[in-house]
Every structure is written in structure tokens, then in C-alpha cells.
1. Every residue in the range 153-184 that is within 12 Å of the ligand (Cβ to nearest atom), assigned to a helix (DSSP H, G or I) and not aromatic (Phe, Trp, Tyr), please.
2. Would you please name the residue that is most open to solvent (accessible area, probe 1.4 Å), looking only at residues in the range 3-25 that are closer than 30 Å to residue 193 by Cβ and within 16 Å of the ligand (Cβ to nearest atom)?
3. Among the residues in the range 135-145, are any open to solvent by 30 Å² or more (accessible area, probe 1.4 Å), assigned to a helix (DSSP H, G or I), within 16 Å of the ligand (Cβ to nearest atom) and in contact (Cβ under 8 Å) with a residue 60 or more places away in the chain?
4. Restricting attention to the range 1-48, which residues are among the small types (Gly, Ala, Ser), in contact (Cβ under 8 Å) with a residue 12 or more places away in the chain and either in contact with a Phe, Trp or Tyr (Cβ under 8 Å, 6 or more places away or on another chain) or farther than 29 Å from residue 191 by Cα (or both)?
5. Restricting to the range 185-202, and then to whatever is closer than 13 Å to residue 217 by Cα, open to solvent by 10 Å² or more (accessible area, probe 1.4 Å) and part of a loop (DSSP other than H, G, I, E, B), can you tell me which residue is farthest from the ligand (Cβ to nearest atom)?
6. Please determine whether any residue of the range 49-62 is within 15 Å of residue 123 (Cα to Cα) and either among the β-branched types (Val, Ile, Thr) or in contact (Cβ under 8 Å) with a residue 40 or more places away in the chain (or both).
7. Name the residue that is surrounded by the most Cβ atoms within 10 Å (Cβ to Cβ), counting only residues in the range 206-228 that are within 12 Å of the ligand (Cβ to nearest atom) and part of a loop (DSSP other than H, G, I, E, B).
8. For residue 100, indicate whether it is small (Gly, Ala, Ser), modelled with pLDDT of 95 or more and under 23 Å from residue 10 (Cβ atoms).
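The values are calculated or read from the model by the stated rules, or taken from the named source; none is laboratory data. Source: prediction; values computed, not measured. For neighbour counting, all protein chains shown are included, and Cβ atoms are generated from backbone atoms with ideal geometry for every residue, glycine included. Accessible surface is based on the protein model in full, side chains and every heavy atom, while ligands, DNA and RNA are left aside. Shrake-Rupley method; radii C 1.70, N 1.55, O 1.52, S 1.80 Å.
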Amino acid sequence: MRRPMVVANWKMNTRASDAYILATTIRNAIAPIEGIEVVVCPPSIWLGEVSDILKKDGKVNVGAQNMFYEAEGAFTGEISPLMIVDIAKYVIIGHSERRAYFYENDFIVNEKVLAAIKHGLTPIICVGEKHKSSPISDAIKQLNEALTHLPKNRFKDIVVAYEPVWAINKGKVASMDHIVKAMIKIREVVGRDTPILYGGSVNTDHITDLAKRPEIDGVLVGSASIRAASFIKICQEWAATKSFKGCAA
Ligand code: 13P
């Protein structure tokens, strides 16, 4: 059975004190929630501190937002899987903002996915078509490229996040029909053991509708995840709804 998940991507937000307060508030609120896995991905500079805060209860996992694929060496400014693995369980790979602003292509994304797996991290692989008029097959192509050389028996060790670029940071999620169509196509690629998340303007207004769909295992939350109240509400709703519906087999 795949686990229902809620993942926070804080992106390049929070100064030190904000990160401390947000992580502490989330940890305390998530403690009584059962049946879902919650992951917080802070900026890498706060990874250690946020991990220390969250580990005190042991319920919320930590993820990095990015990493380089080499283990060590002369790569100024980068962080390696070996640096992350003692602190975090997850790493977001191939986010559309990395692809757009830092020129990450499918080859780099694939190298990063393989490196994450090699070093014991669970990659959250982001795919999504660019424009509303683009076909979902663009996202599927990204996914296939990201999974190149990854044996099928490792698909249980990855998470896929479907994030249509045109729905990110827009205040309006993609239509349910569209999301479900994409989920089904992604499921055909990864098989039954991989959690598949939806991301793109997820907020408290439509979280219950998303959670009701058995095709959607979890959500990857951007802007609503840096507001403690909305992120906690999203986690509570996901847990409450998924505990009735479960995830699709
Ligand atoms: P928003 O929730 O702000 O649209 O961001 C989604 C996202 O990119 C999460 O990775």
C-alpha cells in the first residue's frame, strides 16, 4: 500500500527565525496526526536546523530542494547527496523552477535521480508540461528521461510529483479531470508502488477534493506551505480524507 503524503516545498523563503518558528509549529501540530507522511523541504542552508527541530518528535521527515549528482569535489556552491543523506530522507529533483532558471535538462535530472538512489535518498521527481496548451505527454517524456537506467525494482524508492508548470503559483489548481488523466498516465510508467503527488497552487480551498481522488497519493505544496495554519490544515484534511478513501491499488 502506498503511503498518503503531504510535502512542503518552502522554496527560497524563510530567514533563520522564520524557519525555526515554522518548523516548530508544524512539528507540534503534526504530532497527533496519523496515517500520512509529512515531509518538509526547507532551503538547504536551514536543513540541519530544521531537521533537528523536526526529529525531536520523529514524525515529520525532511527533504532537500535540490542537490548535485557528484558525491564530492570542486563544485563551488553545490551540495552533494552525501551531505544530505545524514540529515534528510528526501530530495526534490527536477523542479520546474530549476529547469527554467538554472537550465537543468532531462540529462542532469536523470543523473541526479540516479545519484540520489545510489546514496540512499528518495528522489521526489518533478515533471509537468509547460503551458496549458502543452500535451501531458511532455510530462511523461520528462519522466521517462528521468528514469533512464533506473531498474524497475527501484521504482518503489522514488516519488513522482506531477506539477503542470502553468498551474504553479497561480492560485488556481488544474482541473480534476486533467490531474487524474496525468496521474493515470504516470501510473502506467511507474507501476503500483510509487507514490504520485500533485503540485500547483494547492491550498486549503480544494484540498478535500484532491484528497478524495484515489489516483492522487499526495500533494507537493509551495506557497501554502510557508503559512503554518494553511499547511497544517492541508495535512489534517489529507489525513482525514485519505483514512476513509485510502490510495488506489
Ligand atoms: P505553489 O503551491 O506555490 O503553486 O507551488 C507549487 C510547487 O512548485 C511546489 O513544488
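1. Answer for the range 153-184, where residues must be within 12 Å of the ligand (Cβ to nearest atom), assigned to a helix (DSSP H, G or I) and not aromatic (Phe, Trp, Tyr): 165, 167.
2. 11
3. Within the range 135-145, the subset open to solvent by 30 Å² or more (accessible area, probe 1.4 Å) is 135, 137-138, 141-142, 144-145.
Narrowing further to those that are assigned to a helix (DSSP H, G or I): 137-138, 141-142, 144-145.
Then keep just the ones that are within 16 Å of the ligand (Cβ to nearest atom); that gives 142.
From what is left, the residues that are in contact (Cβ under 8 Å) with a residue 60 or more places away in the chain are none.
The answer is no; no qualifying residue exists.
4. Initially, the range 1-48 is screened for residues among the small types (Gly, Ala, Ser), giving 8, 16-17, 19, 23, 29, 31, 35, 44, 48.
From what's left, in contact (Cβ under 8 Å) with a residue 12 or more places away in the chain: 8, 16, 19, 23, 29, 31, 35, 44, 48.
Selection gives 8, 16, 19, 23, 29, 31, 44, 48.
5. Restricting attention to the range 185-202, the residues satisfying the condition of being closer than 13 Å to residue 217 by Cα are 186-187, 192-199.
Those still in the list that are open to solvent by 10 Å² or more (accessible area, probe 1.4 Å) too: 187, 192-193.
Next, from what is left, pick out any that are part of a loop (DSSP other than H, G, I, E, B): 192-193.
On the way: 192: 24, 193: 22 Å.
Only one residue fits best here, namely 192.
6. Step one: filter the range 49-62 for residues within 15 Å of residue 123 (Cα to Cα), giving 61-62.
Of the ones still in play, those that are also either among the β-branched types (Val, Ile, Thr) or in contact (Cβ under 8 Å) with a residue 40 or more places away in the chain (or both) are 62.
Yes; the residues of the range 49-62 include at least one that is within 15 Å of residue 123 (Cα to Cα) and either among the β-branched types (Val, Ile, Thr) or in contact (Cβ under 8 Å) with a residue 40 or more places away in the chain (or both).
7. This residue is 222.
8. Values: small (Gly, Ala, Ser): yes; modelled with pLDDT of 95 or more: yes; under 23 Å from residue 10 (Cβ atoms): yes.
The answer is yes for residue 100.
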